[in-house]
């Protein structure tokens with residue numbers, strides 16, 4: 001490639017409106033600039049969600065968010081919340097749709113929840129590989 005062609009390719013790459021890459025000539029991966037804004041404003045499971053307490057609207061702690069599960073079709077996500085137990089004994093997880101959990105003043109809130117409501121939910125178990 002000559003210098004002019006190389007310069008044109010470099011400038012075109014810098015001016016591309018999306019941070020996407022062509023993989024094997026058929027699949028585009030990455031994010032468009034508009035999508036990046038939504039990602040930046042979203043929750044980080046590792047930094048902002050996992051291990052955080054879950055409260056009800058009365059500011060009572062009703063559990064702890066232990067994991068985030070994404071369904072195979074990616075249509076619905078769930079938080080697994082630790083229920084029951086004392087100091088980790090007899091504790092188990094329940095699954096709650098992420099859409100039901102709100103963030104209020106930096107706290108995760110599940111309206112209408114109590115420890116008894118969480119304990120009465122069906123136990124969540126990971127699929128066996």
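Could you list, ordered by first residue, the pairs with Cβ atoms under 6 Å in which the first is in region 37-62 and within 18 Å of residue 83 (Cβ to Cβ) and the second is assigned to a helix (DSSP H, G or I), at least 6 apart or interchain?
Partner pairs satisfying both residue conditions: 62/115; 62/118.
Go through region 60-83 and count every residue that is buried (at least 18 other Cβ atoms within 10 Å of the Cβ) and either in contact with a helix residue (DSSP H, G or I) (Cβ under 7 Å, 6 or more places away or on another chain) or within 15 Å of residue 116 (Cβ to Cβ) (or both).
Final tally of qualifying residues: 8.
So, in region 26-59, exactly how many residues are at pLDDT below 95, surrounded by fewer than 11 Cβ atoms within 10 Å (Cβ to Cβ) and out of contact with any strand residue (DSSP E or B) (no Cβ under 7 Å at 6 or more places or on another chain)?
The qualifying residues number 10.
The values are calculated or read from the model by the stated rules, or taken from the named source; none is laboratory data. Bear in mind that the values here come from a model prediction, so they are computed numbers and not experimental data. Heads up, the Cβs are rebuilt from the backbone with ideal geometry, glycines too, and the neighbour counts pull from every protein chain shown.
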